[in-house]
Amino acid sequence: TGSQNWTTLGAGLLAYQQTGGDYTGTLQPGPAGYFLSFCIEPQESAASAIFDVVGLPSSATNLGGIGATRAAQVNRLLSTFAPDFSAPMTTVQAAAIQVAIWEIVRENSGNLNVTAGTTQFRNASEGAQVLTLAQSYLNTVAAGGGTTSSNFIGLNAVGKQDLVAQVVPEPSTWTMIGLSALPLIAFARRKRS
């Protein structure tokens, strides 16, 4: 009911260049020294900015943060369907991921549906393919399916388009413990012989 205001938005994977700052992690590299990201805050202009690195629940400054529930859904979406931003991705896949992120972040009806509710999409750059794929991603997320990782962060800049970026994971403590135990196992076997 009421009037609908449609906004034209471009959707897909974005490339930004880090030119300074004190962030010590490594952002998922893309082409020619850029890092790859998706927009988490539609209807803000994409521009150069000084970004604050935040956890996903605090991302999207124009919303005051997306909160833990939506951050968990975005995490499952990305961990399951875009676990490595630098891996080959078609324009349809990238646009579908972007549409799904916006649906999670902006929908207030409690139902993740790209063509119904308070946030709706139409005439995507690749038409029905993008919306169908985005909806299939959202169906998995809404059902609680998918995987999660700790490799996603928010990049916030008030008045500019906030982003979700992927960090290159550091070797985990468990992996290091597992690798350091290998010589002990080999030593133990040798001693028994």
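Step through the residues of region 66-78 one at a time and calculate ³J(HN,Hα) from phi using the Karplus curve (6.51 cos²θ - 1.76 cosθ + 1.60, θ = phi - 60°), rounding each to whole Hz and writing x for Gly and Pro.
Working through the residues one at a time gives 9, x, 5, 5, 5, 4, 5, 5, 4, 4, 4, 4, 5 Hz.
Could you check how much of the accessible area of region 56-143 is carbon and sulfur, as a whole percent, using a 1.4 Å probe? Write out the running numbers ahead of the final one.
Working: 1890 of 3830 Å².
Roughly 49 percent of what the probe reaches on region 56-143 is carbon or sulfur.
Lys and Arg at +1, Asp and Glu at -1: add these up for the other residues within a Cβ distance under 14 Å of residue 49 and post the number. Please list the in-between numbers first.
Numbers: positive: 160; negative: 41, 44, 52, 162.
That works out to -3.
Residues with amide H under 5 Å of residue 120's amide H, sequence separation 5 or more or different chain, H placed in the peptide plane at 1.01 Å from N; which?
none
The values are calculated or read from the model by the stated rules, or taken from the named source; none is laboratory data. Just so it is clear, the structure is predicted and the values come from calculations on it, not from any experiment. Glycine gets a Cβ as well: all are built from the backbone with ideal geometry, and neighbour counts include every protein chain shown. Accessible surface is based on the protein model in full, side chains and every heavy atom, while ligands, DNA and RNA are left aside. Shrake-Rupley method; radii C 1.70, N 1.55, O 1.52, S 1.80 Å.
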